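See below for the structure under consideration.
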Amino acid sequence: MGRYLDPKNDLPFKRIFGEHPELLKSFLNAVMPFEKNQYIESLEYLPPELVPENPAKKNSIVDVRCKDNYKRQFIVEMQMLWSNAFSNRMVFNASKAYVRQLNVNEEFELLQPVYGLGIINEIFDKETPEYYHHYKTINCNNNKDTIKGLEFVMIELPKFKPASIAEKKMAVLWLRFLREIEDNKYLEPAPELMENEYIRQAIEICEIGAFTDAELYVYEHYWDVVRTEKSVRSASIREGKEQGIKEGREAGRKAGLEEGRTEGRAEGRAEGRAEGRAEGREVGLAEGREVGLAEGREVGLAEGRAEGREVGLAEGRTEEKEAIVVKSFENNLSIEIISSITNLSKNEITSILQKHKLI
């Protein structure tokens, strides 16, 4: 049983994979998506600092950078905390390494692939249980049709389970090594880890006694930086949520007021129309009655006058005819002659004469 440093820390990670090419070769052959004829046979380290030719351009430093016997380049990064900027940095560094392969007047056919490998100690893709993510440039209509040049592999360590890739024993052992060897604790590494010569060598490199006090200070300082960054990120997320809630409430209040005004206007118009129709009916009926009565009076008076005039004229004609009948009879005219003069019947003439007691 021994005490070990966490191999995910910057210091032991670079010592294991940045100073021992046989361990790096074993690790890359285990986790990279190689076909059988693509395995690395030998490799050489390249400077981890990608210094730009133009001083005004951005400088960058990677954890481990190497080139294999096929002249393929590999950039390896260990990332404790995930951010979207990390994937951008992977693309940036791999692209920089790719374009710097050629010297002036050299042909593009000389370019060799550059692989970016990122081991992340956080979950960044919550939509899938898969921990292994392989990215490359493909034809969207035919994913077997690819453009060679840049490829990337992202491994989410927290999702890794030993049963995930049982067919690749070395990949399982290397990822178990990164997961199970923990910070500054007394532990007995699993027998299957110690039985493999490469994994055993990596575990021995992580023994706390192999580091000086100065190196242990650097080791602890790295954890301080990670904790600080995590606290700042958590605070930023919390502040962002609070600000989002505040802005959401304000937006909701404004939206509610606007909806209330809109609904109020609509309801007010509807009620106003209904009340207006009801009031209009009442006013219309009242005005209609008054107008109707007035018009009825006028019509009634007019009709009464006309009827009275006709009645009066008729009565006047009757009296006139009666006077003619009486005067004619007194002048000894016969009833027949009087009838022809007045257009009255003999009976009507007889009635008039009897009325006046002449017969």
**Report entry** Distance in nm between pseudo-label sites at THR318 and ASN347 (7 Å out along the Cβ direction from Cα)
**Finding:** 1.6 nm
Query raised in the report: Given labels modelled 7 Å from the Cα in the Cβ direction, how far is it in nm from GLU130 to SER334?
Result: 14.0 nm
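Which order do the peptides 112-118, 197-203 take when ranked by the mean count of other beta-carbon atoms within 10 Å per residue, highest first?
In descending order of packing, they fall as 112-118, 197-203.
From the Cα gyration tensor of region 162-241, with a ≥ b ≥ c the square roots of its eigenvalues, which class applies: rounded if a/c is under 1.5, or else prolate if a/b is larger than b/c, or else oblate? It would help to have the intermediate numbers written out before the result.
Numbers: a/c = 3.47, a/b = 1.44, b/c = 2.41.
Cα axes put region 162-241 in the oblate bin.
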Query - Alpha-carbon spread of region 60-171, three principal axes, descending order, Å - result: 48, 35, 28
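Express the accessible area of region 1-145 per residue in Å², computed with a 1.4 Å probe while the remaining protein chains stay in the model. Display every interim value, and only then the final one.
Values: 8040 Å² over 145 residues.
Roughly 55 Å² per residue, with all protein chains present.
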Query - region 88-199 - percent of accessible surface contributed by carbon and sulfur, probe 1.4 Å - result: 51 percent
Query raised in the report: Using a cut-off of 16 Å between alpha-carbon atoms, which aspartates and glutamates can reach LYS159, once sequence neighbours fewer than 8 places away in the same chain are excluded?
Result: GLU122, ASP125, GLU127, GLU130, GLU180
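How much accessible area per residue does region 160-243 have, in Å², with a 1.4 Å probe? Write out the running numbers ahead of the final one.
Working: 5350 Å² over 84 residues.
Averaged over the residues of region 160-243, the accessible area is 64 Å².
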Requested in this report: Starting from the amide H of SER83, placed 1.01 Å from N in the peptide plane, find each other amide H under 5 Å away whose residue is 5 or more places distant or on another chain.
Outcome: none
Report summary line: Too long for a 22 Å Cα-Cα cut-off, among LYS36/LYS169; LYS96/LYS161; LYS136/LYS169; LYS8/LYS169, are LYS96/LYS161; LYS136/LYS169
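The values are calculated or read from the model by the stated rules, or taken from the named source; none is laboratory data. Please read these numbers as outputs of a predicted model, since none were measured by experiment. Reconstructed Cβ throughout: ideal geometry from the backbone, glycine too, with neighbour counts over all protein chains shown. When the accessible area is computed, the model is the full protein with side chains, heavy atoms only, and any ligands, DNA or RNA have been set aside. Shrake-Rupley method; radii C 1.70, N 1.55, O 1.52, S 1.80 Å.
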